[in-house]
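Taking it in order: structure first as structure tokens, then the write-up.
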Amino acid sequence: MIQGELFDGASGGASGGAVSGGSSGGGERPARSEPAPGAVLLPGWLDLDAQRRLLAACREWARPPAGLHEVRMPTGGMMSVRMVSLGLHWYPYGYRPLAEDGTPVKPFPPELGALARRAVAEAYGDGPAGLDGLDGIAGAASYEPDVAIVNHYAHGAKMGLHQDRDERADAPVVSFSLGDACVFRLGNTETRTRPWTDLELRGGDVLVFGGPARYAYHGVVRTLAGTADEALGLVGRLNVTVRESGFGLRG
Ligand code: SIN
Ligand code: MN
């Protein structure tokens, strides 16, 4: 059993399974905000049951072969997050069919695609100010995600400012957060420098960035240790980004 490897969850015993779920619950937090044009934050969009299902699925995806691994940057240093890819294996900076250990990457689960499609519909469907709803955001109306990257942030891990530009499609990226909260820096599309907005992403939050925000620089400045809902049994922070690769995986 390698549960200790899988984010140290005290509850353990994950059996994988469906990742469907999502709710528009969220208690006292605002239902949504738009930190930048094209970027929509849906706080608490995943209720505790949906978070549990996604965590259980992440634990299954993290198992070898093609499981959780460290990432070496072209500069030689190691990233502080550990990753698992689905659909295609992401490496800095590209996608390929074989995972870090040389085995085929795990398939992209259709339930995860359906969950991300619902998030895109909810984020843009009402027509944020200045945009024309789903039709005003590139790739939103026909969103067909086919790849995902799971990042695990142990205490102290972070991610430098970067653009997601290894995909060949400009459809939105959907980001699901579980466990500890983090300070997420949403920058501009031109430079790694200001202006930027720092957002707190908490477990259960969903952030969708598409249209004019699709190529915004972004990163994780720090995680806030110990802020995870203890009921989840996750140590650290998990983030799942769902994307459309544009590599024609769906024929
Ligand atoms: C990423 O940019 O790939 C991950 C962002 C996050 O962890 O919230
Ligand atoms: Mn990114």
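With a Förster radius of 41 Å applied to the beta-carbon distance between residue 168 and residue 70, the computed FRET efficiency rounds to 0.95. Taking 0.36 nm per residue of separation and subtracting the current Cα-Cα distance, fully stretching the chain between residue 247 and residue 63 would add 63.7 nm.
Distance between the pseudo-spin-label points of residue 192 and residue 126 (7 Å out from Cα toward the beta carbon): 3.7 nm.
Of the residues 153, 95, the one with the fewest other Cβ atoms within 10 Å heads the list, and the complete ranking is 95, 153. State the Cα centre-to-centre distance between the stretch 89-120 and the stretch 176-251 in whole Å. For the stretch 89-120 versus the stretch 176-251, the Cα centre distance is 17 Å.
Between the listed residues 188, 71, 238, the Cα displaced farthest toward the positive end of the dipole of the chain, a dipole computed from Cβ unit charges relative to the Cα centre, is found at 71. Please work out whether the stretch 29-243 counts as rounded, prolate or oblate from its C-alpha gyration tensor, where a ≥ b ≥ c are the square roots of the eigenvalues and a/c under 1.5 means rounded, while otherwise a/b larger than b/c means prolate and anything else oblate? Note, shape of the stretch 29-243 comes out rounded.
Measuring nothing but how far apart in sequence close Cα pairs (under 8 Å, 6+ apart) lie, relative to its length, the chain scores a relative contact order of 23 percent. Within the shell defined by Cβ-Cβ distances under 14 Å, the residues around residue 243 carry a net charge of -2, with Lys and Arg each +1 and Asp and Glu each -1. Protection proxy ranking, highest mean first, for peptides 213-219, 36-42: 36-42, 213-219, where packing is the per-residue count of other beta-carbon atoms within 10 Å, averaged.
Comparing 98, 169, 58 along the charge dipole axis of the chain, the residue lying farthest to the positive side is 98, per the Cβ-charge model. Taking the Cα centre of the stretch 29-243 as origin and assigning +1 to Lys and Arg Cβ atoms and -1 to Asp and Glu Cβ atoms, the resulting dipole is close to 540 debye.
If the chain linking residue 230 and residue 144 were pulled fully straight, counting 0.36 nm for each residue of separation and taking away their Cα-Cα distance, it would gain 27.6 nm. A helix-only calculation puts the chain at -4000 deg cm²/dmol for mean residue ellipticity at 222 nm, using -39500 (n - 2.57) for each DSSP H run of at least four residues, averaged over all residues. The fewest-to-most ranking of 176, 247 by surrounding Cβ atoms within 10 Å reads 247, 176.
Each of 161, 98 was scored by other Cβ atoms within 10 Å of its Cβ. Listed from fewest to most, they are 98, 161.
We did not get these values from a lab; they are worked out from the coordinates using the rules stated. Note that the structure is predicted; figures quoted are calculated from it, not measured. Don't worry about glycine lacking a Cβ; one is built from the backbone with ideal geometry, like all the others, and counts go over all protein chains shown.
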